[in-house]
1. Looking only at the stretch 137-179, which residues are charged (D, E, K, R) and either more than 22 Å from Glu27 (Cα to Cα) or open to solvent by less than 50 Å² (accessible area, probe 1.4 Å) (or both)?
2. Hey, any hits in the stretch 81-93 for a residue that's of a type in the set (S, T, N, Q) and open to solvent by less than 20 Å² (accessible area, probe 1.4 Å)?
3. Being more than 16 Å from ligand 2 (Cβ to nearest atom), open to solvent by 60 Å² or more (accessible area, probe 1.4 Å) and either in contact (Cβ under 8 Å) with a residue 60 or more places away in the chain or within 15 Å of the chain's Cα centre (by Cα) (or both) is the requirement here; does Leu39 meet it?
4. Of Ser32, Ser53, which residue is under 22 Å from Lys103 (Cβ atoms), within 17 Å of the chain's Cα centre (by Cα) and either crowded, with 21+ Cβ neighbours inside 10 Å or hydroxyl-bearing (Ser, Thr, Tyr) (or both)?
5. Of the numbered conditions (1) open to solvent by less than 20 Å² (accessible area, probe 1.4 Å); (2) over 19 Å from Phe19 (Cα atoms); (3) out of contact with any strand residue (DSSP E or B) (no Cβ under 7 Å at 6 or more places or on another chain), Tyr107 fails exactly one; give the number of that condition.
6. Within the stretch 56-115, how many residues are away from ligand 1 (no atom under 16 Å from the Cβ), of a type in the set (A, V, I, L, M, F, W, C), more than 17 Å from Trp26 (Cβ to Cβ) and within 17 Å of the chain's Cα centre (by Cα)?
7. If Arg8 meets every condition in (1) open to solvent by 10 Å² or more (accessible area, probe 1.4 Å); (2) under 19 Å from Arg100 (Cα atoms); (3) of a type in the set (D, E, K, R) apart from one, which number is that one?
8. Restricting the search to the stretch 56-75, which residues are open to solvent by less than 40 Å² (accessible area, probe 1.4 Å) and either hydroxyl-bearing (Ser, Thr, Tyr) or more than 23 Å from Ala133 (Cβ to Cβ) (or both)?
Amino acid sequence: MSLIILDRDGVINHDSDDFIKSPEEWEPIEGSLEAIARLNHAGYSVVVITNQSGIARGLLDVDTLTRIHSKMRRMLAQAGGKIESILFCPHGPDDDCPCRKPKEGAYTELASRLRLNLTDVPAVGDSLRDLEAAKAVGARPILVKTGKGERTLSQGIPEGVAVYDNLSDVVTDLLDTAL
Ligand SMILES: [Mg+2]
Ligand SMILES: [Zn+2]
């Protein structure tokens, strides 16, 4: 089984500094849903690992997050794609939980659930903490310029991290290389 790990905000959907707090605020980035469908058709399982500290901050509750994810899954299904599972961290920066990126707790949880290691598994994000968490488990961090990606790039990223304009370009290259 081929696996790919995606951050959510700024990779699949447009991000907001004010957080995504409702299904209405969740809007896909052009081409991202189709890109996930292309991955699925090429045999990839797609897993989302996302920090959702808006919950700890009281900006949304878990029910609302579930409704946001229902919208994402519904729109994705219409594009012919599917997400295997979504692991979210509901905690805040001061909660000292193991699952908030840049910590790798959600990745190790995923690895033990799927009983595989994440060595060289592509992990796409738009923030430094996505890249750091992926690196910590030996996955292959990839930066996209969507969301906070341009800002992340200008602040400096670890050596050897591949950079793409958006998820669609990542997928095109990944599937090309695999052939
Ligand atoms: Mg993000
Ligand atoms: Zn957490």
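The values are calculated or read from the model by the stated rules, or taken from the named source; none is laboratory data. Computed from a predicted structure; not experimentally measured. Positions of Cβ are generated from backbone atoms using ideal geometry, with glycine treated the same way; all protein chains shown enter the neighbour counts. Areas reflect the complete protein model, heavy atoms only, side chains present, ligands, DNA and RNA absent. Shrake-Rupley method; radii C 1.70, N 1.55, O 1.52, S 1.80 Å.
1. Arg140, Glu159, Asp173, Asp176
2. No: zero hits.
3. Considered against the rule, which asks whether it is more than 16 Å from ligand 2 (Cβ to nearest atom), open to solvent by 60 Å² or more (accessible area, probe 1.4 Å) and either in contact (Cβ under 8 Å) with a residue 60 or more places away in the chain or within 15 Å of the chain's Cα centre (by Cα) (or both), Leu39 comes out as no.
4. Numbers: Ser32 fails: under 22 Å from Lys103 (Cβ atoms).
Only one candidate qualifies: Ser53.
5. Only one criterion in (1) open to solvent by less than 20 Å² (accessible area, probe 1.4 Å); (2) over 19 Å from Phe19 (Cα atoms); (3) out of contact with any strand residue (DSSP E or B) (no Cβ under 7 Å at 6 or more places or on another chain) is unmet by Tyr107, namely (3).
6. 2
7. (1)
8. Thr64, Lys71
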